[in-house]
Each structure stands twice: as structure tokens, then as C-alpha cells.
Amino acid sequence: MTDTRRRVKVYTLNEDRQWDDRGTGHVSSGYVERLKGMSLLVRAESDGSLLLESKINPNTAYQKQQEDEKFLTDLFAQLTDEATDEEKRQELVNFLKEFCAFSQTLQPQNRDAFFKTLSNMGILPALEVILGMDDTQVRSAATDIFSYLVEYNPSMVREFVMQEAQQNDDVSKKLTEQKITNKDILLINLIIEHMICDTDPELGGAVQLMGLLRTLVDPENMLATANKTEKTEFLGFFYKHCMHVLTAPLLANTTEDKPSKDDFQTAQLLALVLELLTFCVEHHTYHIKNYIINKDILRRVLVLMASKHAFLALCALRFKRKIIGLKDEFYNRYIMKSFLFEPVVKAFLNNGSRYNLMNSAIIEMFEFIRVEDIKSLTAHVIENYWKALEDVDYVQTFKGLKLRFEQQRERQDNPKLDSMRSILRNHRYRRDARTLEDEEEMWFNTDEDDMEDGEAVVSPSDKAKNDDDIMDPISKFMERKKLKESEEKEVLLKTNLSGRQSPSFKLSLSSGTKTNLTSQSPATNLPGSPGSPGSPGSPGSPGSVPKNTSQTAAITTKGGLVGLVDYPDDDEDDDEDEDKEDMLPLSKKAKFES
């Protein structure tokens, strides 16, 4: 006999059509000689006694299905019957809970058949009745059963509640014509009410129900077919029939400038509501946007920034941060029109210079506005709250916002500057976004007076395009320059310096092969001196010797540099003659010297 060791609970139907609990045991199957065939056996887990022994006949599957349907029908009938004893109802609902828990061990195909059977037999209407009862133990077990259904197939639950709503609308329409009020409560609204009214100080049940609601409103697990879209239909239903129930405690507690109730349990509950609303902002589109703007929900949420409980104030701030993160101009216009940064700025100033989570979260929100360059919000913050924030200098966020604002105003006043920015951006190499922003700010903050005369602004793409055109003349120039210098060496070696006026200089000897002549005249630092921007050897003006009142010449030998000569100002005529001589060919220079 093979023991599969599956734990089950055994109930038997008595003469009064009531289910008697026979105990818990382990089910197995095997051949039983007495019954002459394969049989189903259940032995008690306490003492191993036989709780059930049933032969498996060829038609057992069909009979079992019929028996299951009859069993479930009777079970749901007793659960929902008001005449059922409370203890008996507790036993039945606990049995159904264990029954659903046992289904988790089944293979996927069998589990699908199991939940489909439960749905067909009416488990959701039965749960709706059970959840409305006053017995907390029954409601807790019913909540666990509901969680199994939602986790297994949320679409099945959505379909039920939408059909229920449609039926209620039809009934309400008829009752309205008869001037009768329909007080039917939808299953999903019942779940929301139980979440709101949880009496547990730790709100354990409320947390569980909030998770179930989030699963139900999550578009990621909603189906989309060619004929219908579950997301559109269910969200339309939810915002029409359920959202007002979810936000009721929030609206009731924020009628003034501060929360009317600020005890710990209320703060915990409102934090759960805000968590679900924040989820809706992130995952829903126009449904939540229309609801927030039309009902002025954000203003009410920001009242909670004045709560004494920091976690609740942070939940309110997180809700606004999620809205700003969407960078939606409809939201931005709503925020600016209602001046909804005021509660945030007040909370920031009341927090003082304390470095805590509230301080960091508020600064991060303003930093996001600056980095993302949300122009409308930047202008709104600076125009309305700059005086309150200008003294905050331990971070550069607010000064950065002011800089952004001034740049926007400058572009508006000078459209040509903005067009120049776009031209430069189009010709700029692709870089990191933050690097690009910083470089642009540095360029636009540079005064025109700081730029050198004649300096042109050339984009990198144009510069790269002209590199070949520039380098070719330079290489040719350097070849001509080397040729000229070699010719000058030959001429200078043959020239008699005694016929020239001797300048004043100081001779300094070194131990090396070079002899340096260092001029005592301050004219050596003038633009014509070597190493200065205007000298032939300087990269500032290659190959050209500017004509100055004081010039220098280098006397070179094979051993190295001999001296540096500084000519007085009255040698200008001689310099002009030398220039003429330099222009002559080498053959004529030799004749001239002789």
C-alpha cells in the first residue's frame, strides 16, 4: 500500500443532513482484500485508527463529481444560513479554509478544476455574506479564503464584482422608479470597509486586505482580448463604485489645515490608504488623474504633512513626489493653481536644519525638478517661495533652481540666445546628459568681455571638419621655417658682428657645452622675446616675428645656444636693413658681405 501522506479532514453527513467532524488524518490508496479492489483509506494522525475506507469503483469519478457538487452546495447553504449555530459556522468556514489551503498541493490542472468548481458552486456570493457577519473569527477565515481566490485568479474575482455591480445598477434603477433605496453592498467595497474598520492595533488584517486590493487594481495582471479590455472595464467600475469608499477616511480627516484625528492607529490606516493611492498614480492613467484633480485629493493629502507622525507626513510627500515624477502638465497646472507647494515648504522650514529623512525627501523633490528642468514648476517655486528658501545654502538645490529660472527668463527676453544654444547643442558630441547641462551653463555664464578679441566660437563638428585644412598649411610652413633657419645659421656665422653697435649684456659661463648670454634689460619680457606669445618659437604666432621697438636675436653655434642679445630702441633702422638682407637670396648675400 502506497502512503502519499496527504493530510485531510473527514466529515460525514448525518441523518439530519448536518456534517459531523470525524477528525484529521492522512489519505492513501491501496488494494484491500476485504473489499476486493483498490480503495481510498484515511487514517487518523493522532492514533492511526481508520477514519474512512471506501472502494474505488469504475464509476467513482462521475459519482464523486456529483457528490462534490452536492457537498459544496450544502456547505455554502449552511455557511450563509442565519439559523446556523455560530460554532458550527466556525467549523464549516475553517474546513473550507483548509480545503483551499490543501488545493495548493495539487497539480496546476487539478487546481484549476478545483477553483472553477468552487466558483460555479457560488463561493464568492457565500463569502460576501460571511464577510458581512459580526463574528471576527468567521470574517478572518473568510478573508483567508478570499485571498486564495484573488491570488489564484484575480480576473475571476473582477468578473464577479462587475457582474454584481451591473445587477445592482439594474435593481437600483427599478427601485429608484419605485422610490426605494438599494442598500446592497458590493463585495469589493466590503473588503475596503473591513480594511478601514480593522480593530487590530497593528492593523494586520488591514494590511492583508490592502494587498488584495492592490492585486485587484494592478493592470499588470489584467487580461486584454480582441473583444474587450479588462483594464478599461474594471478601472471604470472601480473609480465609479469603489474609490469614494477608499478615500472616505482621508477626506473625513483633512477638512481643516491639520488632521482632525492624529492618533497612531488612524495614522497607520491613512498611511495604508496613501500607499494604495500612490500605487494608483503610478499604474493608472486618466482615471486617477481625473479623480485627483476633480476631487482636489492632493490638497487633502498634503494636510497630512502637518501630522505629528513622521511616517504619515512622508507618505503624503511620497504621494506628491510620485505625481511630480510623471512630469504631466495637467498635474503641474493643478499644483500651481492651488499653490500646493506651500504645505511642503512649511514642513521644510518647520523641520529646521535637522538632517533627517523629511529634510532629505523634500530636497530630493526640488532637486528632481531642477535636474529634469520642469520649467513651469521651477518658475512657480522661485516666484512664490524664493524668499523662504534663499538662505538655504548647505545644498545648492535652491540656488540651482534660481539659476534655471534666470536662464529661462534670459531665453524669453533674448530668443536669439536660445536659438544659438540649440545650434551648439546640435553640433555637440554626444555626452552624458549632466555633463552637457554643466557645459552649457558655463558657456552661457561667460561674459563677452572675458573672451579675447577676435576669438570665434567654433563647434567641435566644424573644428573637426577643418582640421585637415589647417594642418596642411602648418606642415608646409614648418618646412619653410626650418629651411630659413638653416640659411640664417650660415649667414650669421659669416657675418662680422664687430660692425654692429654692442649692446649691454652679462656673460655667464656654465660647466656644460653651452654659454648663455643673459640680458639685463627688462625688454626681454616684452612680446618680442623668446617664449612670449609673439616670438617665433611661441605657439601663439608660429613663423612670424612681430615688428616691435625692442627685438631679440639668438646666436647659435654647434655647441648650443651662445647668447641672447637685446638691442636698444635706436637700432630700428639697422633692423630694417637686416630684414632687407634676409629677403635676399644666399648668393646675393655673400656678394653683399664681401
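At an R0 of 25 angstrom, the distance between the Cβ atoms of THR255 and VAL392 translates into a FRET efficiency of 0.20. Once you place label points 7 Å from the Cα toward the Cβ at GLN265 and GLU342, how far apart are they in nm? The answer from the label model is 3.4 nm.
Can you tell me how much longer the chain between THR199 and THR105 gets when fully stretched, taken as 0.36 nm per residue apart minus their C-alpha distance, in nm with one decimal? Please list the in-between numbers first.
Values: separation 94, 0.36 × 94 = 33.84 nm, distance 3.31 nm.
That pair, THR199 and THR105, stretches by 30.5 nm at full extension.
Measuring between alpha carbons in the structure, the pairs from LYS97/LYS240; LYS55/LYS97; LYS36/LYS116; LYS240/LYS346; LYS295/LYS337 lying more than 23 angstrom apart are LYS97/LYS240; LYS55/LYS97; LYS36/LYS116; LYS240/LYS346.
Could you report region 301-388's accessible area per residue, 1.4 Å probe, as an integer in Å²?
Values: 4010 Å² over 88 residues.
With the other protein chains kept in place, region 301-388 gives 46 Å² per residue.
Counting only protein heavy atoms and using a 1.4 Å probe, the accessible area of SER49 comes to about 50 Å².
The values are calculated or read from the model by the stated rules, or taken from the named source; none is laboratory data. Because the structure is predicted, anything quoted here is derived from the model rather than measured. In this analysis, Cβ positions are derived from the backbone assuming ideal geometry, glycine residues included, and neighbour counts consider all displayed protein chains. Quick note on the areas: whole protein, heavy atoms, side chains included, nothing else; ligands and nucleic acids left out. Shrake-Rupley method; radii C 1.70, N 1.55, O 1.52, S 1.80 Å.
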